[in-house]
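Just below is one structure, and these are the notes that go with it.
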Amino acid sequence: MAEVFVGPSRLQGRVVPPPSKSIAHRVLIGAALSGLPQQEVERWGLGGELGQDLEATKACLRALLTAGPEPVILDCRDSASTLRFLLPVAAALGRSALFVGSSGLARRPLREYGEILGGRGVRLSFQGPASLPVRVEGRLRGGVFQVPGDVSSQYITGLLLALPLLVEDSTVILTSPLQSAPYVELTKSVLAEFGIAVEDIPGAGWRVPGRQVYRRPAVPPFVEADYSQAAFWLVAKFLGHYLEVDGLLPSSLQGDRAIVPILAEMAAAPLGDLRISAAQIPDLVPILAVAACARPGITIITEAERLRLKESDRLLTTTEMLSRLGARISPDQGALIIHGGRQLRGGTVDSHADHRIAMAAAIAALDSAAGVRILGSEAVAKSYPGFFQELKRLGGDARGI
């Protein structure tokens, strides 16, 4: 297990976050299904070191679309997006595939796909309790798919990517209110760039015609900077560091662009209670909790129960991280309550192999009294391999990189 120490320091300079991971996954899949070689796609700004999640998607697409008729093994590593996006795609293509991944990914639920796809010409054989490894056999048939909206929008994205490939038309019906809705809008936007039509059924779901063909975009898709990664630098700026965060699209469909108005609200109302819903922005919670520690009032982050199903149980790991650093924070029935306004003392925290916990701890360290030792710092490679190098370039006291 690697570790990094981040000492108290002041950041200054210009930073451009990496390309949006959410958009990049969808573009890679759309491009592969339209027959474009990965070398060409990499010229769209998706080359170089993009993080382990996107590399997993690239590798799985190569295996899925270039192998022969024999069953293929798809190693999703630690990427839930890769797994949940490509499982229905493999089923739509009629490819027999064994999906495997890290022990962390194996802890994340897949039961919903067994229920959603069951009886549609596909058999899912789990070797564990509705988790990885899972073997997918058969060819998916169209029809009506009932999907919960409050577990993960990734199930919906996976279906929207796969259903256009089927012979039959299909309908996706929500069985519970949709959370993380901006991610579904991202999916629809990327699909449109590849010539795929999806029709909204307001408040109920989507209609997806079959027999569609993914087509080469007339103009290469624009993969903008990632708001969820920019959030770490934007919170550092909120804490008083002199940073310019460039490359962000104000009109972005990324749900995590909400970090900008949330931080503005924090700055405008530093006292009193502030409630923030995490329903549409679960990935922002660890770094928002860091920002809340600096705010003198009480911040309550609500509707955060789904954080228990992330790379770690983020309700617990966010609480543990900041408690170890001296913050007053407690979980309460799917919410986090933070009493801010005092300096964090510093200490040692465990990332629990969660990239967002590791990066949030690094930002928390900058204004702490004694700095923070981060165990499992290698977790950042999942989404932002150069994060600690960037922190050091901007003036951060980062040792052990």
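Rule-based calculations on the coordinates, nothing more; no lab input. In this text the structure is predicted, and so the values were computed from the model without any measurement. Here the Cβ is made from the backbone with ideal geometry for all residues, glycine too, and neighbour counts use every protein chain on show.
The base-10 log of I(q)/I(0) for segment 311-401, evaluated at q = 0.10, 0.12, 0.13, 0.20 Å⁻¹, reads -0.24, -0.35, -0.41, -0.94 [Debye formula, identical scatterers on Cα atoms, solvent excluded]. Among THR317, THR302, sorting on how many other beta-carbon atoms sit within 10 Å of each Cβ, with the fewest leading, yields THR302, THR317.
Both radii come from the Cα set of segment 105-171: Rg as radius of gyration, Rh as Kirkwood radius; their ratio Rg/Rh reads 0.95. Per the Kirkwood formula applied to alpha carbons, segment 1-72 shows a radius of gyration over Rh ratio, Rg over Rh, of 1.15. Highest mobility in the GNM of the chain, judged by mean-square fluctuation with C-alpha springs under 10 Å and restricted to SER102, SER20, SER180, is found for SER102. Note on segment 21-208: Rg/Rh from C-alpha atoms, Kirkwood Rh, equals 0.93. Between ARG308 and GLU265, what is the label-to-label distance in nm when each label sits 7 Å out along the Cα-to-Cβ direction? Modelled inter-label distance: 2.5 nm. For GluC sites (Glu not before Pro), the sites in segment 1-94 that DSSP calls loop and that have at most 12 other Cβ atoms within 10 Å are GLU49. Here segment 129-234 is treated as a sphere whose radius is the Kirkwood value from Cα pairs; by Stokes-Einstein at 4 °C and 1.567 mPa s it diffuses with a coefficient of 84 µm²/s. The convex hull around the C-alpha trace of segment 58-149, projected and averaged over every direction, spans 5.6 square nanometres.
Here the extension length gained between THR348 and GLU199 equals 48.7 nm, from 0.36 nm per residue of separation less the Cα-Cα distance. Taken over the C-alpha atoms, segment 224-362 has Rg and Dmax values of 13.9, 39 angstrom. Of all aspartates and glutamates in the structure, the ones whose alpha carbon falls short of 19 Å from that of LYS392, not counting any fewer than 8 places away in one chain, are GLU3, GLU49, GLU244, ASP246, ASP367, GLU378.
Phi angles across segment 314-328 convert, under the Karplus curve 6.51 cos²θ - 1.76 cosθ + 1.60 with θ = phi - 60°, into 3J(HN,Hα) values of 6, 5, 7, 6, 5, 4, 5, 4, 6, 5, 5, 8, x, 7, 9 Hz, Gly and Pro given as x.
Potential lengthening of the chain between GLU112 and LEU316 amounts to 71.0 nm, from the contour at 0.36 nm per residue minus the alpha-carbon distance. Across segment 144-156, coupling constants 3J(HN,Hα) worked out from phi with the 6.51/-1.76/1.60 Karplus curve, θ = phi - 60°, read 9, 10, 9, 10, x, x, 10, 9, 7, 5, 5, 5, 5 Hz, and Gly and Pro carry x. Taking all C-alpha pairs of segment 1-120, those more than 20 Å from each other amount to 52 percent. Across all Cα pairs in the chain, the calculated P(r) in 10 Å bins from zero up to the longest distance comes to 5, 23, 32, 24, 13, 3, 0 percent per bin.
Each of ASP332, ASP75, ASP226 was scored by other Cβ atoms within 10 Å of its Cβ. Listed from fewest to most, they are ASP332, ASP75, ASP226.
Ordering CYS293, CYS60 from the fewest to the most neighbouring beta carbons within 10 Å gives CYS293, CYS60.
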